[in-house]
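Novice: Structure provided below as structure tokens; questions to follow.
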Amino acid sequence: MKRITATFLDEITHDIPSQNWGREDWAREFGLYRRIGIDTVVLIRSGYRERCVFAAKSVPDLLPVREDLGRMFLDLAEENGLVLYWGTYDSGVHWMRQSWWREVELNQRFLDEVAERYGSSPAFGGWYLAHEAARHENHIVELFNGIGGHCRSLKDVPVLISPYPMGTKQFAAEHAFTLTETREHWERVFAEAQGAFDICAFQDGQVQYSELEEFHQMVHDIAAGTGVEVWANIESFDRDMPIKFPPADWRYLRTKMEVASRYAARLMTFEFAHFMSPHSCYPSARNLFARYCEEFEIQTDGQN
């Protein structure tokens, strides 16, 4: 079974709480990543609606930004020998209203600013396209091509996406897709957005445990022959509970990791800091971390 070697950083978020960490907290966390074999961090988005990780001039009507989190994350990644993938901006509006060109144009201006500010950082090793999709809809192909292509023109490093299947653990049965339907949609996306991204890490938490083997085989088959590398986004939070979102039960997280390890080149997670870190605001995350370390015989020497 493969270890988790990459994690998202969820600082501009929709649905999980802020941990109110400062630089010392993040420095401790990044040091932990280095010690346990996580070598890649992915900023899940650098802006969403009126929030941003730096005081961007290209995005109107931002809330006050008093800390340059983008610089802090890049500096901490460099100090710890990690690679950071920079997440793009999500307006939460234009592409949902089918005005995909506005989303692309806004991101292009924003990413010009990102590249000028941060592109020379030695830790800046990739891009993440923050627009998550479950199917061929909301002009996702135009977004991937327009934003992914612009990312590559600014800094030619790998581009990552992390889509999700419309499985029954997230969608009601009448709205959920079968894996066959998911395959049909994503075969079209891969074909029509060829060259826009290099790595695909499908989220795994929306399908039933009994579907995991077929699901990962499907993703492997879709990517075969396209030149896209397959990672697996192993969700370390629990969708089985009636509340959003507690850390996962180790028994089932381990099951997901075992299956994904047979198909994916790498395992990443959403999201270590909240759901697996010994520093998390969730006490059960500390226990999950302890079980993970036991499994892989990881010695932290008390330096958590």
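The values are calculated or read from the model by the stated rules, or taken from the named source; none is laboratory data. Everything quoted here is computed from the prediction, not taken from an experiment. Virtual Cβ from ideal backbone geometry, glycine too; neighbours counted across all protein chains shown.
Novice: Can you tell me which residue in the range 257-293 is farthest from ARG3 (Cα to Cα), limited to those that are over 17 Å from the mean Cα position of the chain (by Cα) and among the basic types (Lys, Arg)?
Specialist: ARG286
Novice: Conditions first: (1) at pLDDT below 95; (2) under 19 Å from ILE147 (Cα atoms). GLY87 passes all but one, so which condition is the exception?
Specialist: The single condition GLY87 does not satisfy is (1).
Each row is one residue, and each column tells you yes or no for (1) over 24 Å from ALA201 (Cα atoms); (2) more than 20 Å from the chain's Cα centre (by Cα).
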{"site": "GLN98", "(1), (2)": "yes, yes"}
{"site": "GLU132", "(1), (2)": "no, no"}
{"site": "VAL141", "(1), (2)": "no, no"}
{"site": "ASN145", "(1), (2)": "no, no"}
{"site": "GLY149", "(1), (2)": "no, no"}
{"site": "VAL159", "(1), (2)": "no, no"}
{"site": "PRO163", "(1), (2)": "no, no"}
{"site": "HIS175", "(1), (2)": "no, yes"}
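Novice: Something else about it: Quickly run through the range 8-25 and pick out the residues that are surrounded by 21 or more Cβ atoms within 10 Å (Cβ to Cβ) and modelled with pLDDT of 95 or more.
Specialist: Result: PHE8, LEU9.
Novice: What's the number of the condition ARG66 fails, among (1) in a loop (DSSP other than H, G, I, E, B); (2) surrounded by fewer than 15 Cβ atoms within 10 Å (Cβ to Cβ); (3) touching a residue at least 24 places away in the same chain (Cβ under 8 Å)?
Specialist: (3)
Novice: List the number of the failed condition for GLU50; all other conditions in (1) surrounded by 18 or more Cβ atoms within 10 Å (Cβ to Cβ); (2) without any contact (Cβ under 8 Å) to a residue 60 or more places away in the chain; (3) among the charged types (D, E, K, R) hold.
Specialist: Going through the list (1) surrounded by 18 or more Cβ atoms within 10 Å (Cβ to Cβ); (2) without any contact (Cβ under 8 Å) to a residue 60 or more places away in the chain; (3) among the charged types (D, E, K, R), GLU50 breaks only (1).
Novice: Residues in the range 207-215: is at least one outside any helix (DSSP H, G or I), buried (at least 22 other Cβ atoms within 10 Å of the Cβ), within 17 Å of the chain's Cα centre (by Cα) and among the hydrophobic types (A, V, I, L, M, F, W, C)?
Specialist: no
Novice: So, one more: Is it the case, given these coordinates, that ALA285 is closer than 15 Å to ILE16 by Cβ and either buried (at least 21 other Cβ atoms within 10 Å of the Cβ) or out of contact with any Phe, Trp or Tyr (no Cβ under 8 Å at 6 or more places or on another chain) (or both)?
Specialist: Judged against the criteria, ALA285 is a match.
Novice: Which condition number in (1) touching a Leu at 6+ places or on another chain (Cβ under 8 Å); (2) within 17 Å of GLU137 (Cβ to Cβ) is the one that THR182 fails?
Specialist: For THR182, the failing item is (1).
Novice: Name every residue in the range 64-76 that is within 23 Å of ARG35 (Cβ to Cβ), of a type in the set (A, V, I, L, M, F, W, C) and out of contact with any helix residue (DSSP H, G or I) (no Cβ under 7 Å at 6 or more places or on another chain), in order of residue number.
Specialist: Hits for the range 64-76 are LEU69, PHE73.
Novice: Out of ARG71, ARG34, ARG102, report the one residue that is surrounded by fewer than 18 Cβ atoms within 10 Å (Cβ to Cβ), part of a helix (DSSP H, G or I) and in contact with a His (Cβ under 7 Å, 6 or more places away or on another chain).
Specialist: Answer to the selection: ARG102.
Novice: Another question about this same structure. Let me confirm something: among GLY205, GLY167, GLY227, which residue is touching a residue at least 24 places away in the same chain (Cβ under 8 Å) and either among the aliphatic types (A, V, I, L, M) or under 30 Å from ARG109 (Cβ atoms) (or both)?
Specialist: GLY227
Novice: Here's a check for you: in the range 176-200, which residue that is aliphatic (A, V, I, L, M), touching a helix residue (DSSP H, G or I) at 6+ places or on another chain (Cβ under 9 Å) and not in a helix (DSSP H, G or I) is surrounded by the fewest Cβ atoms within 10 Å (Cβ to Cβ)?
Specialist: The residue in question is ALA193.
Novice: Inspect the range 272-287 for any residue being among the hydrophobic types (A, V, I, L, M, F, W, C), part of a loop (DSSP other than H, G, I, E, B) and farther than 27 Å from ILE147 by Cα and give the result as yes or no.
Specialist: Yes, some residue in the range 272-287 is among the hydrophobic types (A, V, I, L, M, F, W, C), part of a loop (DSSP other than H, G, I, E, B) and farther than 27 Å from ILE147 by Cα.
Novice: Can you name the residue in the range 74-98 that is within 19 Å of HIS14 (Cβ to Cβ) and among the small types (Gly, Ala, Ser) and, of all such residues, is surrounded by the most Cβ atoms within 10 Å (Cβ to Cβ)?
Specialist: Among those that are within 19 Å of HIS14 (Cβ to Cβ) and among the small types (Gly, Ala, Ser), it is GLY87.
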